[in-house]
Amino acid sequence: MEINTAIGVFSALSQETRLDVFQALVKAGPDGMMAGALAKSVDCPASTLSFHLKELLQAQLIRADKQGRAIYYAVDYGGVREMIDFLLISCCDGDPRLTGPYVIKG
């Protein structure tokens, strides 16, 4: 992950509602949640939620899957994986005893 991409990721997560949305989607698992249920779970108006979802999508932390007329939002595990790797890649010279199996070296 490039530094500018990482800045975008951390910027997206540095806002309370977006962090709440992200955490709700982490809890929901790979199937995600419909926007209406997500808005209710984080107590956020739909119009405001749309703005926050756009920011999280742009940061590649979540994905949107359209199923018929419904849109399900879920965590983008690839994007989260890149964020974790970015944080841990230089930790402890990559010692797996300290970083665990989390760091994927390219």
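A short reminder: the numbers here are calculations on the coordinates, not readings from a lab. Please read all numbers here as calculations on a predicted model, not as lab measurements. Using ideal geometry, Cβ is built from the backbone for each residue, glycine included, and neighbour counts are taken over all protein chains shown.
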How many residues, within region 1-54, are touching a Cys at 6+ places or on another chain (Cβ under 9 Å) and either of a type in the set (A, V, I, L, M, F, W, C) or not in a helix (DSSP H, G or I) (or both)? 2
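Residue-wise test of (1) out of contact with any Phe, Trp or Tyr (no Cβ under 6 Å at 6 or more places or on another chain); (2) charged (D, E, K, R).
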site	(1), (2)
21	yes, no
26	yes, no
37	yes, no
40	yes, yes
45	yes, no
48	yes, no
59	yes, no
64	no, no
Region 16-51, residues that are under 21 Å from residue 67 (Cα atoms) and of a type in the set (Asp, Glu): 31
Here are the criteria: (1) of a type outside the set (D, E, K, R); (2) in a helix (DSSP H, G or I); (3) out of contact with any Lys or Arg (no Cβ under 8 Å at 6 or more places or on another chain); (4) surrounded by 13 or more Cβ atoms within 10 Å (Cβ to Cβ). Tell me which single one residue 57 does not satisfy. (3)
Where residues in region 84-102 are in contact with a Ser or Thr (Cβ under 9 Å, 6 or more places away or on another chain) and surrounded by 15 or more Cβ atoms within 10 Å (Cβ to Cβ), which of them is farthest from residue 41 (Cα to Cα)? 89
Of the residues 74, 28, which single one is touching a Pro at 6+ places or on another chain (Cβ under 7 Å), surrounded by 12 or more Cβ atoms within 10 Å (Cβ to Cβ) and within 30 Å of residue 98 (Cα to Cα)? 74
Can you name every residue in region 67-95 that is part of a loop (DSSP other than H, G, I, E, B) and either touching a residue at least 12 places away in the same chain (Cβ under 8 Å) or at positive phi (or both)? 68, 76, 89
